[in-house]
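Report on one structure; see the data block that follows.
The values are calculated or read from the model by the stated rules, or taken from the named source; none is laboratory data. Computed from a prediction, not measured in an experiment: that's the story for all the values here. We place every Cβ from the backbone using ideal geometry, glycine too, and count neighbours over all the protein chains shown. Note: accessible area is taken over every heavy atom of the protein model, side chains too, but ligands, DNA and RNA are not part of it. Shrake-Rupley method; radii C 1.70, N 1.55, O 1.52, S 1.80 Å.
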Amino acid sequence: MFAYEIHQMRSAELRRQADQERLAREALRGRRAGRRRAGREAPVAESHSQGSRRHRFTRAA
């Protein structure tokens, strides 16, 4: 009987953990969708620098 109760508690704990992880994924998905939506609606940003995009020095080996 004791083993069965431990099994039931562990099962309930795993269900709670899965629900929390599911909620976290949904929240992350919602934030990402919000950023995508905001990015589409935002005006085209101007470049901060006036120079070219090339680097001044070559890369080191």
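Results, tabulated for the structure shown:
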item	result
Semi-axis lengths, Å, the chain, gyration tensor of Cα atoms, sqrt of 5 times eigenvalues	52, 21, 5
Residue-count net charge about MET9 - beta-carbon cut-off 14 Å; Lys, Arg +1, Asp, Glu -1	+1
Solvent-accessible heavy-atom area per residue, rounded to whole Å², over the chain at 1.4 Å	111
Angle in degrees between helix 2-41 and the longest Cα principal axis of the chain, rounded to the nearest 10	20
Förster radius 22 Å - calculated FRET efficiency between ARG35 and ARG15 (Cβ-Cβ, nearest 0.05)	0.10
